[in-house]
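The values are calculated or read from the model by the stated rules, or taken from the named source; none is laboratory data. None of these values were measured; they are calculated from a predicted model. In this analysis, Cβ positions are derived from the backbone assuming ideal geometry, glycine residues included, and neighbour counts consider all displayed protein chains. Areas reflect the complete protein model, heavy atoms only, side chains present, ligands, DNA and RNA absent. Shrake-Rupley method; radii C 1.70, N 1.55, O 1.52, S 1.80 Å.
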Amino acid sequence: MTWTESTLDETTTEWERSDGNATIRLRRRHDGSCTVRLDRLFQAPDGQLYRHERADNEELARALVDSWQSEFDVEN
């Protein structure tokens, strides 16, 4: 599957999995760190899941996004 990126505002970027059952959100914080969260819906074929992590900077946060996109992708 693919992930579609959208910018919600100046501090938040979100990716939605093409089946619509999972999103990953990166939020930039005022101190330069970022939070990244994965939210997979209850009705997703691979089951419900929620993760939330803090990264020291945007580069590390984007690496986490890439990792989660690979780990939580599903076959068509």
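Note down the magnitude of the dipole of the chain about its Cα centre, charges +1 on Lys and Arg C-beta and -1 on Asp and Glu C-beta and zero elsewhere, to the nearest 20 debye.
That gives a dipole near 280 debye.
How far, in degrees from 0 to 90, does helix 58-71 lean away from the longest principal axis of the Cα atoms of the chain, to the nearest 10?
The angle comes out near 10 degrees.
I'd like the distance between the alpha-carbon centres of segment 37-71 and segment 2-35, rounded to an integer number of Å.
10
Could you tell me the accessible area of Glu16 in Å² (1.4 Å probe, neighbours in place), rounded to the nearest ten?
For Glu16, the solvent-accessible surface is approximately 90 Å².
Keeping all protein chains in place, calculate the accessible area per residue for segment 3-72 (probe 1.4 angstrom), answer in Å².
59
Let me have the 222 nm mean residue ellipticity of the chain computed from DSSP H runs of 4+ only, each contributing -39500 (n - 2.57), with the sum over all residues rounded to the nearest 500.
Roughly -6000 deg cm²/dmol at 222 nm, from the helical runs in the chain.
Over its Cα atoms, what ratio of radius of gyration to 2.2 N^0.38 Å does the chain give?
Cα Rg divided by the expected 2.2 N^0.38 Å: 1.07.
Which residues does the label zone of Glu10 cover in segment 41-63, counting backbone N under 19 Å from a point 7 Å along Cα→Cβ?
The answer is 58.
Please compute the modelled spin-label separation between Asp19 and Tyr50, points set 7 Å along Cα→Cβ, answer in nm with one decimal.
2.1
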